[in-house]
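As structure tokens, the structure follows; a few thoughts come after it.
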Amino acid sequence: KPGSSIVNKYGYQGPVVSISRKPGTKRILFLGDSCTNTGSKNYPDKTILKLKEKYYINAEAVIAGTPGYSTYQGLKWLQELVDYKPDILVIYLGWNDHWHAMGGGGDNDFFPLTPLEISAKNIFGGLRTYQYMHYLVYPPKSNHHIFPSEKTYEERMVEFFAYTRVPIPVFISNIARIIDIGSKNGIEMYFIQAPYGRHIDMQGHRMVAPEFRDDVSSIHEAYNLALEQVVEKHNGAYLVSFKGVEFSRI
């Protein structure tokens with residue numbers, strides 16, 4: 001919520017950055033999920049400091065990182081954030097795209113409420129009649145897709161990829177559209193390829209279907225490979241690869 005916690009009144013993290021540019025100052029837009037946070041211990045602030053100390057480059061950061069965001073929300077937000085006219089765009093998205101769509105549908109199945117719908121919910125949300133009408137108009141979806149056991153493992157895995165929060169074809173499209181927006185606005189782009197941590201294997205894999213709880217690393221790698229293939233096709237877009245790098249929170 002804008003104006004709360006570390007989020008400023010415009011909805012992104014850290015201090016408010018003026019739309020107008022400071023002469024002689026580079027502007028970097030950091031777009032991502034919970035891996036992209038403000039603060040001296042997090043990589044956007046460290047990047048700004050390192051540019052100053054090592055390369056004598058004055059730079060400022062617009063830190064647009066929101067926990068849980070996938071490339072779907074990142075793409076939507078970027079369409080507004082280009083108003084800040086950044087020189088460089090750093091994109092760290094992908095962790096959330098490959099999780100199972102526990103809400104019963106992919107991220108593109110959801111949409112923001114209109115101001116009228118929000119007002120109606122606030123006023124009438126406690127009424128049973130309103131709740132019943134909402135149930136009829138927006139019937140709940142199943143939060144778990146069944147992957148038929150009679151199919152081969154490979155067939156079920158392919159089917160699983162169609163029921164992630166952002167299926168791979170949509171993921172590829174989102175990345176390509178982010179690159180298109182950056183290119184049209186003359187922005188240099190760096191995509192961070194998320195590393196993998198073995199500690200994730202010890203979390204019970206609550207974010208994937210039970211049938212694939214031993215395959216989290218393979219699912220993660222499939223999205224990283226898709227990102228790599230898209231970025232390599234475009235000029236002005238670069239990959240910051242963490243292949244072979246593992247981290248642990250244990």
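Using a cut-off of 14 Å between beta-carbons, work out the net charge of the residues near Lys85 (Lys and Arg +1, Asp and Glu -1, Lys85 not included). Within the 14 Å Cβ shell, the charges total 0.
Do the alpha carbons of any pairs in Lys50/Lys233; Lys76/Lys243; Lys85/Lys184 sit beyond 18 Å of each other, and which pairs? Too far apart for the 18 Å limit: Lys50/Lys233; Lys76/Lys243. Cα centroid separation, segment 25-98 to segment 107-139: 33 Å.
Taking all protein chains as they are arranged and a probe of 1.4 Å, the heavy atoms of Asp83 leave approximately 90 Å² accessible to solvent. The stretch between Glu246 and Thr114, if pulled fully straight at 0.36 nm per residue, gains 43.3 nm over its current Cα-Cα span. Pairs spanning more than 32 Å between alpha-carbon atoms, out of Lys41/Lys121; Lys22/Lys46; Lys1/Lys41: Lys41/Lys121. Note: relative contact order over the chain, using C-alpha pairs below 8 Å and six or more positions apart, is 19 percent. Of the solvent-accessible surface of segment 47-166, computed with a 1.4 Å probe over protein heavy atoms with every protein chain present, carbon and sulfur atoms account for 61 percent.
For the chain, modelled as a GNM whose springs connect Cα atoms under 10 angstrom apart, the maximal fluctuation among Asn108, Asn96, Asn122 occurs at Asn122.
Under the rule of -39500 (n - 2.57) per DSSP H run of 4 or more residues, summed and divided by the residues of the chain, what mean residue ellipticity at 222 nm is obtained, to the nearest 500 deg cm²/dmol? Result for the chain, helices only: -11000 deg cm²/dmol. Amide H to amide H distances under 5 Å link Gly65 with Gln13, Gly32, where only residues 5 or more positions off or on other chains count and H is placed in the peptide plane. All alpha carbon pair distances within the chain were sorted into 5 Å bins beginning at 0; the resulting P(r) in whole percents reads 1, 5, 11, 15, 16, 15, 13, 10, 7, 4, 2, 1, 0. Ordered by solvent-accessible area of protein heavy atoms (1.4 Å probe), largest first, the residues Tyr223, Tyr92, Tyr55, Tyr69 come out as Tyr55, Tyr69, Tyr92, Tyr223. Placing +1 on the Cβ of every Lys and Arg and -1 on the Cβ of every Asp and Glu, with no other charges, gives the chain a dipole of roughly 1080 debye about its Cα centre.
Indicate the gyration tensor shape class of segment 1-146 (rounded, prolate or oblate), computed on the Cα atoms with a ≥ b ≥ c the square roots of the eigenvalues: a/c under 1.5 is rounded; otherwise a/b larger than b/c is prolate and the rest oblate. The shape class here is prolate. Bridgeable aspartates and glutamates around Lys54 (alpha carbons under 18 Å apart, same-chain partners fewer than 8 residues away excluded): Asp45. Using a probe of 1.4 angstrom and keeping all protein chains present, the accessible surface of segment 156-250 works out to 54 square angstrom per residue.
Short-range pairs are left out: with C-alpha atoms under 8 Å and at least six residues apart, the relative contact order of segment 98-244 is 32 percent.
The values are calculated or read from the model by the stated rules, or taken from the named source; none is laboratory data. A quick note: this is a predicted structure, and the numbers were derived from the prediction, not measured. Every residue, glycine as well, gets a Cβ built from its backbone with ideal geometry; the counts of neighbours run over all protein chains shown. When the accessible area is computed, the model is the full protein with side chains, heavy atoms only, and any ligands, DNA or RNA have been set aside. Shrake-Rupley method; radii C 1.70, N 1.55, O 1.52, S 1.80 Å.
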